[in-house]
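Worksheet for the structure shown next.
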Amino acid sequence: FGDTREPSVVERVPDNIELLFIDSGTTHEYALIAAEWELYRPKLADGAIVVCDDIHFAGSDMERFWDPLPYDKVEIAIGGNAAGLFRYKADR
């Protein structure tokens, strides 16, 4: 739809998202990742699955975002990279 941080894009996304995929551009900068998380977290259904791509991507801030998340997390190797996923709990 456009830049994931633009209000017009966020407004188009329905509430009670059951699956959120965070890829955050090609550089995976922490400020962008954190901004997306803050915008879309309130739209998540309790128990939604969240997938973060490239969690160990060299030169990115994905690990800085991924590591402190307070959820039981799973990492999955995909080719030479890894994605991480967790089940969102609204009370955390």
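The values are calculated or read from the model by the stated rules, or taken from the named source; none is laboratory data. Fair warning: this is a prediction, and the values are worked out from it, not measured in the lab. Neighbour counts are summed over all protein chains in view; Cβ atoms, including those assigned to glycine, are modelled from backbone coordinates with ideal geometry. Surface areas here come from the heavy atoms of the whole protein model, side chains and all, with no ligands, DNA or RNA. Shrake-Rupley method; radii C 1.70, N 1.55, O 1.52, S 1.80 Å.
Only one of the numbered conditions (1) of a type in the set (A, V, I, L, M); (2) touching a residue at least 40 places away in the same chain (Cβ under 8 Å); (3) touching a helix residue (DSSP H, G or I) at 6+ places or on another chain (Cβ under 6 Å) is not met by Ala48, and that is (3). Here are Ile33, Ile55, Ile78: which of them is of a type in the set (Val, Ile, Thr) and either within 21 Å of Arg12 (Cα to Cα) or in contact with a Lys or Arg (Cβ under 7 Å, 6 or more places away or on another chain) (or both)? Of the residues listed, the single one that is of a type in the set (Val, Ile, Thr) and either within 21 Å of Arg12 (Cα to Cα) or in contact with a Lys or Arg (Cβ under 7 Å, 6 or more places away or on another chain) (or both) is Ile33. Checked against the criterion of being surrounded by 10 or more Cβ atoms within 10 Å (Cβ to Cβ), at negative phi and touching a residue at least 40 places away in the same chain (Cβ under 8 Å), segment 61-84 has no qualifying residue. Looking only at residues of segment 4-53 that are of a type in the set (Lys, Arg) and touching a strand residue (DSSP E or B) at 6+ places or on another chain (Cβ under 9 Å), we find that the one that is most open to solvent (accessible area, probe 1.4 Å) is Arg41. Here is the figure for segment 58-75: residues that are closer than 28 Å to Arg12 by Cα and assigned to a helix (DSSP H, G or I) total 3.
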